[in-house]
1. Output the peptides 109-117, 259-267, 333-341 sorted from most to least packed, where packing is the average of other Cβ atoms within 10 Å over each peptide's residues.
2. May I ask for the net charge around ALA179, where only other residues with Cβ less than 15 Å from the Cβ of ALA179 are counted and Lys, Arg are +1 while Asp, Glu are -1?
3. Using the scaling law 2.2 N^0.38 Å as the reference, what is the normalised Cα Rg of the range 130-249?
4. Please report the spacing between the Cα centers of the range 360-379 and the range 193-238 in Å, no decimals.
5. Enumerate the calculated ³J(HN,Hα) couplings along the range 172-184 in order (Karplus 6.51 cos²θ - 1.76 cosθ + 1.60, θ = phi - 60°), each rounded to whole Hz, writing x wherever the residue is Gly or Pro.
6. Using 1/(1 + (r/R0)^6) with R0 = 22 angstrom and r between the beta carbons of THR356 and LEU289, what's the FRET efficiency to the nearest 0.05?
7. Taking just the alpha carbons, could you work out the radius of gyration and Dmax for the range 1-135, both in angstroms?
8. Based on the alpha carbons, how large is the Rg to Rh ratio for the range 47-199 when Rh follows Kirkwood?
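Where a number appears in this text, it was derived from the coordinates with a stated rule and is not lab data. These figures come from a predicted structure and were not determined experimentally. Note: ideal-geometry Cβ built from the backbone for every residue, glycine included; neighbour counts use all protein chains shown.
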Amino acid sequence: MNRNLFLLTICQGLFLVNNITFITINGLVGLDLAPYPWMATLPIMGYVVGGALAAPLVARTQERHGRRGSFQTGLLVALGSALLAAVAAQFQLFWLLLLATVIAGYYNANGQLYRFAAAELTHPAWHEKAVSLVLAGGLLGAVIGPSLAGWTRVILPVPFVGAYLALAVVAVVAMGLMALIHFPPEAPRHADAPQGRPVAEIMRQPVFFVATFSAAISYGVMNLLMAATPLVMDMHRFEFADIAMVLQWHVIGMYAPGFITGHLIRRFGVLQIMGIGTVLLVLCALIALSGTGFTDFLIALTFLGVGWNFLFTGSTTLALGAYRPEEKDRAQAAINFWVFVTMAITSFTSGAVATTGGWAWLNVGSLPALVLVMVALLWLWRQNGQALTRP
């Protein structure tokens with residue numbers, strides 16, 4: 001851990017404050033404002049659709065303005081979109097809320113690159129630990145996000161307006177911290193410099209394909225169940241404090257392992273840790289299918305968080321060795337694009353199925369995707385022998 005990595009870790013935490021608060025409140029605000037109940041999670045879907053649409057633009061911004069310039073642009077968008085969402089909540093405008101979340105997707109696409117930037121702030125031998133530590137900064141989101149939603153939910157006459165305004169303040173704080181980070185200077189780009197391979201060629205590599213597929217499924221399954229949880233618990237008459245606590249422990253499960261995941265990857269190998277993460281996600285679905293009591297939600301969502309951490313951190317680490325320095329922007333954008341596409345699909349599916357009493361179907365539906373991930377990991381292991389099982 002160095003000064004720059006520490007500051008980036010805090011920025012990652014504030015990014016997750018934004019994400020978790022959005023997920024905690026957007027479904028509930030959407031349920032209140034949407035013309036039809038099945039449209040409740042459209043604001044969550046808008047956030048990830050905006051991220052998918054913004055991913056290529058963010059890649060170009062990174063190339064032109066570097067890490068800091070691009071990240072600051074994302075934070076400026078976060079500020080503006082939070083204010084727009086506050087206006088939408090204040091005047092009960094569902095479609096304006098949806099627009100605000102789509103715009104906020106640009107910040108989502110930007111923040112997803114923090115983990116890749118972390119690897120550039122340390123020696124190559126510490127890349128997986130740097131990625132893991134920055135992701136561990138998400139604990140700030142776990143602690144502050146649900147609590148912030150709860151504290152600010154009724155601070156103003158219209159519910160949740162205060163929560164959106166608080167996110168605007170969070171964005172301003174993050175901008176100040178980002179200004180203090182010194183990223184390595186970008187290598188000058190000459191006309192005769194290597195341009196790297198096309199994205200399609202990069203994607204055809206078995207390592208990169210499995211890393212992208214695993215990252216997308218890890219986020220897709222996590223988003224499918226997490227986005228539905230507030231709605232399902234609300235339909236089962238749980239108090240908002242109970243919903244917030246379940247989400248809080250879920251996010252703790254997502255990011256607390258970050259302090260050791262990098263060490264585990266170096267000790268046991270990236271494919272093994274990704275496999276353990278997949279098994280934990282399967283256990284989450286099975287526990288969720290066993291009942292709808294508070295303890296069932298709490299344990300299942302905690303397993304969901306830990307499983308996501310192992311599989312997603314492993315996917316990021318696996319991808320780092322599958323592209324050249326001059327290809328990093330397009331390769332990272334490709335990974336994030338497919339992550340956002342998967343999240344967009346699961347966000348819509350989550351709301352539509354959950355509001356029609358399909359909590360069990362959501363969990364059953366996640367199992368085939370997880371089986372495919374396990375098959376892909378075994379296939380990659382057979383392709384590469386022991387090369388990727390140990391550092």
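1. Values: 109-117: 24.9, 259-267: 18.3, 333-341: 23.3.
Averaged packing, sorted descending, gives the order 109-117, 333-341, 259-267.
2. Local net charge: +3.
3. Its radius of gyration relative to the 2.2 N^0.38 Å reference: 1.52.
4. The range 360-379 and the range 193-238 have Cα centres separated by 13 Å.
5. 5, 4, 5, 4, x, 5, 4, 5, 8, 8, 9, 7, x
6. Working: r = 17 Å, r/R0 = 0.78.
The value I calculate is 0.80.
7. Rg then Dmax for the range 1-135, in Å: 16.2, 53.
8. Working: Rg = 17.6 Å, Rh = 17.1 Å.
Using only Cα positions, Rg/Rh for the range 47-199 is 1.03.
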